[in-house]
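J.: Sharing a structure, written as structure tokens. Questions coming.
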Amino acid sequence: ATSIRAASEGCGSAMKKILVALTLVAAPLQGQQITGELELETRAFPRPPLWADQSRNNVSLRFQPEIFREWDRGRLTFQFEPFVRLDYADGERTHVDIRELSFTRAWDAVELRVGISKVFWGVTESQHLVDIINQTDLVENPDGEDKLGQPMVNMAFVRPWGTVDVFVMPWFRERTYPGAAGRLRLPLPVDTDGAVYESDAGQHHLDWAVRWSHYLGGLDLGVSHFSGTSREPVLEPGVNEAGDQVLVPRYNLIDQTGLDAQYTSGGWLWKLEGITRSGIGDRMYAFTAGFEYTLYGVAGTNADLGLIGEYLWDSRNDASVAPFADDVAVGARLALNDVQSSELLAVAVVDRNTGGTFVSLEGNRRVGQDWTVGLETRAFLGMQSTDPLYALRRDAYVGVNVTRYF
């Protein structure tokens, strides 16, 4: 109870600001429906932690409302989506963010978006190499799928030969990391308050990106380029103000060019993501390539079963800040296509050199009209001391979440 009160108090001031902002924004939008989610999440860690201040169980609350309004027959839209997490065990996981706070104006062949927003690029299942606009909210989930809102100006030009998106980003978001009491952390805590930057402008460095996307028959294609502050920091040993040993995140300037492609043919989806990046050491290259094949109406039922296979490669090998340098991913996606929208996704990523395996299992099922129940499992099996995920070898967990939609 004491931990819950501490987490609540630590987040209280930010919560009040969010609620005040909601009130101010909602006032001129009377008559509009406010939707959102309220989630209770529990995680159980079967194995004891490596560090004494960590817990074997955790409970947290997530509150994520959304306000949406449109004018001029949908040509002008407003979206506001704050995010609040209260965590029982880890004070760093208790945090507030604005996922969306943007106005979008559309003309016949041009669209302008201004504010805080989220942008997703990518087609593969095991990782998204090309997805670089938004910073990873790592305290939310180790899979890297959750993102922080990014301040931006985005202009899209729609032409018969494709769509060109231009992004200007005036403010950088630092990556979140678990605290000393949090599970799924590195041997040394990351001192997020002591982050250093290659650019003298720090978080004010003006980043930019451009992407061309188009479809040709069954082929969806995207080519992108990003120039600015790397979303992946280099973690360097250091000492914080209290004299404790920590890891200090260093954010370098990079240029990254990416390609994402997906080809659809019958039940087959052929997928590719590739990047090349300069700015940190030697120029690096990485790609993820594979397929998903869907079996429709399995065993005469309404269920569909997708079989997943991918290969992950990174030219930096063991020096890679990413854990997947020469790995194979296999998995399956099951959709029952029932009234409850029941789904299950299982993926295992195996290191071809060490045999270390990362296992991910996600499932969800709707209950009634307004509730869903989800299951989430992450496991780190057979990790060797040379494996980038070795520090997480005891952090396998089973999580259950109950979400109320309104």
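The values are calculated or read from the model by the stated rules, or taken from the named source; none is laboratory data. Bear in mind the structure is a predicted one, so any value in this text is a computation, not a measurement. Reconstructed Cβ throughout: ideal geometry from the backbone, glycine too, with neighbour counts over all protein chains shown. Just so you know, the surface numbers come from the protein's heavy atoms only, side chains and all, with ligands and any DNA or RNA stripped out. Shrake-Rupley method; radii C 1.70, N 1.55, O 1.52, S 1.80 Å.
J.: Mind running the shape call on region 70-163? Use the C-alpha gyration tensor, a ≥ b ≥ c as the square roots of the eigenvalues: rounded below 1.5 for a/c, prolate if a/b tops b/c, oblate otherwise.
T.: Numbers: a/c = 3.37, a/b = 1.58, b/c = 2.13.
Since a/c reaches 1.5 but b/c is at least a/b, the shape of region 70-163 is classed as oblate.
J.: Quick one: accessible surface of Thr192, probe radius 1.4 Å, all protein chains present, in square angstrom to the nearest 10.
T.: 40
J.: With a 1.4 Å probe and all protein chains kept in place, how much accessible area does Asp97 have, in Å² rounded to the nearest 10?
T.: Counting only protein heavy atoms, the figure is 10 Å².
J.: Let me ask you something else. Report the convex hull volume per residue for the chain, counting only C-alpha atoms, in Å³.
T.: So the per-residue hull volume is 169 Å³.
J.: Under 16 Å from a label point 7 Å along Cα→Cβ of Trp268: give me every residue in region 295-309 with its amide N that close.
T.: Zone members listed by number: 295-296, 307-309.
J.: Need one number: nm distance between label points at Val234 and Asp143, each 7 Å from Cα along Cα→Cβ, rounded to one decimal.
T.: So the two model labels end up 3.1 nm from each other.
J.: Please report the base-10 log of the normalised intensity I(q)/I(0) for region 245-357, using a Debye sum with one equal scatterer per alpha carbon and no solvent, at each q in 0.14, 0.16 (1/Å).
T.: -0.75, -0.88
J.: Just need the Rg to Rh number for region 82-225, please, alpha carbons only, Kirkwood Rh. Kindly include the intermediate steps, with their values, before the conclusion.
T.: Working: Rg = 17.5 Å, Rh = 17.2 Å.
Ratio value, two decimals: 1.02.
J.: Another question, then. Viscosity 1.567 mPa s, temperature 4 °C: what is the translational diffusion coefficient of region 170-311 from Stokes-Einstein with a Kirkwood Rh over Cα pairs, rounded to a whole number of µm²/s? Please list the in-between numbers first.
T.: On the way: Rh = 18.6 Å.
Translational D for this selection: 70 µm²/s.
J.: Please calculate how many Å² of accessible area the chain carries per residue, with a 1.4 Å probe and no DNA, RNA or ligand atoms counted.
T.: Values: 19850 Å² over 406 residues.
For the chain, the per-residue accessible area is 49 Å².
J.: In the chain, carbon and sulfur make up what percent of the accessible area (probe 1.4 Å)? Write down the numbers at each step before the final one.
T.: Values: 11460 of 19850 Å².
Roughly 58 percent, rounded to a whole number.
J.: If only Cα atoms are counted, what is the Rg of region 351-406, and what is its Dmax, in Å?
T.: Over region 351-406's Cα set, Rg and Dmax evaluate to 15.8, 48 Å.
J.: Moving on to the next point. For Lys118 and Asp255 in one chain, what is 0.36 nm times their gap in residues minus the Cα-Cα distance, to one decimal in nm?
T.: Working: separation 137, 0.36 × 137 = 49.32 nm, distance 2.03 nm.
That works out to 47.3 nm of additional length.
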